[in-house]
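Before any comments, here is the structure.
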Amino acid sequence: MKTILKALLGSAVVALLAAPASAATLDDVKAKGHIQCGVSTGLAGFSAPDNAGNWTGLDVDFCRAVAAAVFDDPNAVQFTPLSAKERFTALQSGEVDLLSRNTTWTISRDTALGLNFAGVTYYDGQGFMINAKKLQGINSALQLSGAAVCVQAGTTTELNLADYFKANNMEYNPVVFEKLEEVNTAYDSGRCDVYTTDQSGLYAIRLTLSSPDDHIVLPEIISKEPLGPVVRHGDDQWFDIVKWVYYALLNAEELGVSQANIEESMNSDKPDVRRLLGTEDGTKLGSDLGLTNDWAARVIKHVGNYGEMFERNVGADSPLKISRGVNALWTKGGLQYGMPIR
Amino acid sequence: MATQQTIAEGAAPRVPLLYDPRVRGIAYQVLVFVGLFAFVYWIIGNTAANLQRANIASGFGFLQGRAGFDIGDSLIQYSSDSTYGRALVVGFLNTLRVAIFGIITATIVGFLVGIGRLSKNWLINRICLVYVEVFRNIPPLLVIFFWYFGVLSVLPLPRDSIALPFGSYLNSRGFYLPKFLWGEGAGLIALAFVLALVFAWFVRRWAYKRQMATGERFPVLWTSVGLIVGLPLLAFIVTGFPLSFEFPALSTFNLRGGVQIRPEFLSLYLALSFYTAAFIAEIVRAGVLGVNRGQTEASHALGLRSGPTLRLVVIPQALRIIIPPLTSQYLNLTKNSSLAVAIGYPDLVATGGTTLNQTGQAIEIVAIWLIVYLGLSLATAGFMNWYNARMALVER
Ligand SMILES: N[C@@H](CCC(=O)N[C@@H](CS)C(=O)NCC(=O)O)C(=O)O
């Protein structure tokens, strides 16, 4: 009943309040004094509350980056934890201003759902995890025919899973839950043999299982999962802001501007750096965006560049220890490519 | 209005139109109606405009689209190639299945416990009391979690399944039963069964008439049982035992073959049944207590023994008290079945929610939910009202 009610409220809100929601989000946000950001309910490295109750993670830091650009304060954000199923309704209805919740960019979400993807903060792909101790001798996803598979409802995961098993003429038994916690408990207690989701998610979830070392992630990657921040249709200015905060993070890394050297960089005489940080004479790059000219400097000062965000949350400095891989900058053979700031 | 009308028709004192209660009454109704209409019109227009502005698709065309997701538990043929419409039907049938089984079980358990509460046996009485108090005071969601995480998920893994009689097994993936594979001639058995039912009905009618006419009684129950068991059995023998079984057997991951009853269904079904049964027990107790003791005494005085007294005198009267509140319990059970999402049972809310998430058609899906639950509730209530009318005092 609760879900029905929520969806009902959601659609009622779409119906009645869509007017303010489609108006200038920036003005709304400024009037509120904070950004309302939709994140996942708890996925280590992406968005999870730490011991002190502060939200941390790559997705969370992106929200903070936008808050830093708008308010010069990375804490001017309030987080709304959303399940996969709830997230789009929450964004469409204006309950959140920005959705930064490992959401895959797909055509139907971009069109029929009325959403705009601002970029790809993490290139991922779907994988499978099994308990290697209980299922010895399984080392490929192609051996999984007949397995019970745990998966979260309302995800691309659910769809890729169906396609993959069908394409390989294998059977499976879907065990579908709405909440991440429920999927984790079910997998941990042996309700299913296999856990499938984005690979980054698998690594994060493995840490929370009762004996993480027993579990292995199978080598197959069965899909493309470009994960990124999302806004709703109908507000180009807000879309631009979110998009360019993302590019600023990438350009800063490319130009070697980091949280550590931001003070010196402000005095840099390199034209690229000056344009990025708004120190160029007479610049109006920031004000054209609807922000101050030091918008990108604020972002770097408070949350660092993309590389720093990555290493801190999911990379070498985190328990996840994920390597940059395809998420390296294009200059280093990866896919991350910041559009020119000029 | 009625009383005002009589006055107006009687002496007809001349009143200015503005103060005429009848005119006023009509005017108010027209006003409310127009207001309501304008409100609905505004809501619909506003919704459509906003949906368009937000670029969200609308209409029911999406029901023909390919769903793309699989559903674990389905009563009809369904695959990821099926349409969204079919996915919703699968969800609806799952809701219906758990509601129907739940209602039947809750009624049986509820009646037993309710009668148990009235028992003079101290132990039975107390056990029933504890049952009612425990289940009545726990939110249904917790009861569902109790069954799912507390009972069914701690069962052993498929490799170490608990073997039960008749080749059935119990493990953390559910309850596995052998599957009946009917061979040639099975249709005849089904036919025999239907025939037996029809016969039994005629026998009952004939016996009733004869008892009314002559006072002689006929063992209807035993004849019916004999018919219903005997005829199909005969057909079974005649057709040469056209039945074989497919037993569940262990494969790499799970038990394969046989019939699997999944733990999601089981826990939802058990939870709803036992939860609702506690309320039904109280209703039954109230119903029985509501029949005047004098009725029992009078019946005894007429020479009826305890059994027939209960069956012919007390229960028919108690039922009249029981049925109306029982109906609301049935409705509650049906609506509570939407708690299924919490444990991943693919009911209408779950499959509808996934459809909503993929197509973004919130308004359409919510409308479908509302209509289906409303329809289910009205159908249940309609049936119970019909039954109630049948049970009502018929004066002769
Ligand atoms: N990228 C996929 C799946 C994203 C997803 O929801 N993944 C799950 C499993 S890793 C998750 O993050 N759940 C967190 C939550 O529900 O709070 C999508 O956009 O559909």
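The values are calculated or read from the model by the stated rules, or taken from the named source; none is laboratory data. Since we're looking at a predicted model, the values are computed, not measured. As a convention, Cβ positions derive from the backbone with ideal geometry for all residues, glycine included, and neighbour counts pool all protein chains shown. For accessibility, only protein heavy atoms count, side chains too; no ligands or nucleic acids. Shrake-Rupley method; radii C 1.70, N 1.55, O 1.52, S 1.80 Å.
Worth a mention:
- With K and R counted +1 and D and E -1, the other residues having a Cβ less than 14 Å from that of residue B:329 yield a net charge of +2.
- Computed extension length for residue B:81-residue B:17: 16.3 nm, one decimal, from 0.36 nm per residue of separation with the Cα-Cα distance subtracted.
- When +1 charges are put on Lys and Arg Cβ atoms and -1 charges on Asp and Glu Cβ atoms, the dipole computed for the range A:126-223 relative to its Cα centre reaches about 160 debye.
- For residue A:339, solvent-accessible area (1.4 Å; no DNA, RNA or ligand), Å²: 70
- The calculated FRET efficiency for the pair residue A:237 and residue A:163, based on their C-beta separation and a Förster distance of 45 Å, comes to about 0.75.
- Summing charges over all other residues whose Cβ lies under 13 Å from the Cβ of residue B:255, with Lys and Arg as +1 and Asp and Glu as -1, gives +2.
- Across the options B:306, A:153, B:382, the greatest Cα extent toward the positive end of the charge dipole of the protein assembly as shown (unit charges at beta carbon of Lys, Arg, Asp, Glu) belongs to B:306.
- In this rough spin-label picture, where each label sits 7 Å from Cα along the Cβ direction, the residue B:34-residue A:210 distance is 7.0 nm.
- Potential lengthening between residue B:127 and residue B:41 on full extension [0.36 nm per residue; Cα-Cα distance subtracted]: 25.3 nm
- Whole-Hz ³J(HN,Hα) from phi, Karplus 6.51 cos²θ - 1.76 cosθ + 1.60, for the range A:308-314, glycine and proline x: 5, 4, 5, 4, 5, 9, 10
- Each label point was placed 7 Å from the Cα along the Cα-to-Cβ direction; for residue B:304 and residue A:34 their separation is 7.0 nm.
- Highest average first, the peptides A:224-233, B:114-123 ordered by how many other beta carbon atoms sit within 10 Å of their residues are A:224-233, B:114-123.
- Sorting A:264, A:253 by accessible area puts them as A:264, A:253; the probe is 1.4 Å, largest comes first, and only protein heavy atoms count.
- Against the main long axis of the alpha-carbon atoms of chain A, helix A:2-22 sits at an angle near 20°.
- Once the C-beta distance of residue A:181 and residue B:387 is scaled by a Förster radius of 45 Å, the resulting FRET efficiency is 0.55 to the nearest 0.05.
- Of the DSSP H helices in chain B, those whose Cα atoms cover at least 15 Å axially and whose Kyte score averages -0.5 or more: B:21-53, B:84-117, B:122-136, B:186-214, B:220-238, B:263-289, B:315-336, B:348-359, B:362-391
- Computed from the C-beta positions of residue B:24 and residue B:289 and an R0 of 56 Å, the FRET efficiency is 0.70 to the nearest 0.05.
- By average C-beta atoms within 10 angstrom, highest first, the peptides B:345-357, A:235-247: B:345-357, A:235-247
- Within the shell of other residues whose beta carbon sits under 12 angstrom from the beta carbon of residue A:256, the net charge comes to -4, with Lys and Arg scored +1 and Asp and Glu -1.
- Stretchable slack from residue A:261 to residue A:50, in nm (0.36 nm times residue separation minus alpha-carbon distance): 73.3 nm
- Taking the Cα centre of the range B:252-396 as reference, the dipole from Cβ charges on Lys and Arg (+1) and Asp and Glu (-1) amounts to some 500 debye.
- Structural descriptor for chain B: relative contact order 22 percent, calculated from alpha carbon pairs under 8 angstrom and at least 6 residues apart.
- Angle in degrees between helix A:236-255 and the longest Cα principal axis of chain A, rounded to the nearest 10: 90
- Amide H within-cut-off set for residue A:215, under 5 Å, with H built and near neighbours excluded: A:132
- Angle in degrees between helix A:58-71 and the longest Cα principal axis of chain A, rounded to the nearest 10: 20
- Charging the Cβ of each Asp and Glu at -1 and of each Lys and Arg at +1, and nothing else, the dipole of chain B about its Cα centre rounds to 1040 debye.
- Relative contact order %, chain A, counting alpha carbon pairs below 8 Å whose residues are six or more apart: 21
- Taken residue by residue and averaged, Cβ atoms of other chains lying within 10 Å of the Cβ of B:358-368 number 6.
- Å² per residue, accessible surface of chain B at 1.4 Å: 57
- Carbon + sulfur, % of accessible area of the protein assembly as shown - ligands and nucleic acids excluded, 1.4 Å: 63
- Max mean-square fluctuation residue, GNM over chain A, Cα-Cα springs under 10 Å, options A:201, A:154, A:146: A:146
- Over the range A:65-219, relative contact order from alpha-carbon pairs under 8 Å, at least 6 apart, %: 28
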